[in-house]
Amino acid sequence: MILPLPIRFDANEWYILINSTCGYLWLFFSPKRFPHSISVLLVLFCVSAAIIYDHAIAGPPLDWYNINDYTKYELFDVFTYFMYAPYALLCVYLYDKFKPKGLWFTAYIVLWSLLCVGFEWLAMICHVFKFHKWSLVYSFSVYLIMTSLYLRLFEYLLRKFHSQSASSFPSKRAE
Amino acid sequence: MAFSILFSLTVILGNAFLSIRKNLHPFEILFIWMVVIIIHHNFITITAGNLKLFDVYDNSFNYWTMVFMRTVLIPLLIVFYFDRMVVRRPYQKWVWLPLGILMLTGLEYLAESLGVYRLSGWKMWWSLIEWLAIFLLIHFPWLWYRRLLDKEVK
């Protein structure tokens, strides 16, 4: 099979389904704060960063951890990548709402990284992740970098969006 | 050697891309880049990891060359291609499409010749179909995103 189905439909699959449902329900019913074109890029950034990172270190030859039931790439691994995206958008949403400045910005990043580690710890309990040579302490450093990058990317996109008028949309002849 | 050749190729292409006037909006460039990463990583993991049609992992240096290729070089080539094609008429884009496909198939052939991976069951001509499918999978979401962006920028 190209993408194997779960061996047993148990804790890890439920964890992914429940989290994804809650996340995407929030995403669809939350009031709009910034343009959808920016939200799409933020979702893609989150998914592609998770894919690059997991495919680089969770697969052979490094094999530092496994995701879900198989050592192979399976159907629920694909869902796992999309599970993170709404929570990453929630991070940006609250950032945009409260606009933490100075040391509060650093505190905001640390707080979200701790929340992500907690989220990953729960995922580990539910057997979504099985660590071999990896630990939650390493994840904390990764989340610190990713959250900082994510918020900086959001600021850049928002600035770029407001600085570009319709006339600067370059190629009208496209498609 | 493989890494230095592919890295040099990326620097040359990167410089060329940075020095031209872009036809795509920066958001479109990011969109295409990330969609390519998502589609191509999934494709490689399924074909190499699950179906064992490629052998990538001779040593860790080859492995990281492969990671570099699929994260930087291939998305850069595809973004470059879309950026050049966006201002052309639709029939011209279809005429130029085989060139894009041949270019990416050629890159795969180069990586295979340099020993980044070995084909074990994969036929090189399948790459033509692979890249055609990937181009189409990027093209339609990109058109959707372009309309969304156009609407919101106005």
Query raised in the report: Pick from A:Phe98, A:Phe131, A:Phe79: which is of a type in the set (Phe, Trp, Tyr), without any contact (Cβ under 8 Å) to a residue 24 or more places away in the chain and out of contact with any Leu (no Cβ under 7 Å at 6 or more places or on another chain)?
Result: A:Phe98
Report summary line: Note on the range B:8-30: residues touching a Phe, Trp or Tyr at 6+ places or on another chain (Cβ under 7 Å) and open to solvent by 10 Å² or more (accessible area, probe 1.4 Å) are B:Leu13, B:Phe17
Report task. Give just the number: which of (1) away from chain B (no Cβ under 14 Å); (2) more than 19 Å from A:Ile52 (Cα to Cα); (3) surrounded by 17 or more Cβ atoms within 10 Å (Cβ to Cβ); (4) acidic (Asp, Glu) does A:Asp69 not satisfy? Result -> (1)
Query - Filtered residues of the range A:1-52 (kept if within 14 Å of another protein chain (Cβ to nearest Cβ) and not aliphatic (A, V, I, L, M)) - result: A:Pro4, A:Lys32, A:Arg33, A:Phe34, A:Pro35, A:His36, A:Ser37, A:Ser39, A:Phe45, A:Cys46, A:Ser48
**Report entry** B:Trp131 vs. criteria within 14 Å of chain A (Cβ to nearest Cβ) and in a helix (DSSP H, G or I)
**Finding:** no
**Report entry** Subset of the range B:71-94 that is of a type in the set (A, V, I, L, M, F, W, C) and open to solvent by 40 Å² or more (accessible area, probe 1.4 Å) - its residue that is farthest from the chain's Cα centre (by Cα)
**Finding:** B:Val87
Query raised in the report: Of the residues B:Leu104, B:Leu53, which single one is surrounded by 13 or more Cβ atoms within 10 Å (Cβ to Cβ) and within 14 Å of chain A (Cβ to nearest Cβ)?
Result: B:Leu53
Requested in this report: Search the range A:1-57 for residues being out of contact with any helix residue (DSSP H, G or I) (no Cβ under 8 Å at 6 or more places or on another chain), β-branched (Val, Ile, Thr) and farther than 29 Å from A:Tyr156 by Cβ, and hand back the single one that is modelled with the lowest pLDDT.
Outcome: A:Ile7
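The values are calculated or read from the model by the stated rules, or taken from the named source; none is laboratory data. All values reported here derive from a predicted model rather than from experimental measurement. Glycine also receives a Cβ, built like all others from the backbone with ideal geometry; neighbour counts cover every protein chain displayed. Just so you know, the surface numbers come from the protein's heavy atoms only, side chains and all, with ligands and any DNA or RNA stripped out. Shrake-Rupley method; radii C 1.70, N 1.55, O 1.52, S 1.80 Å.
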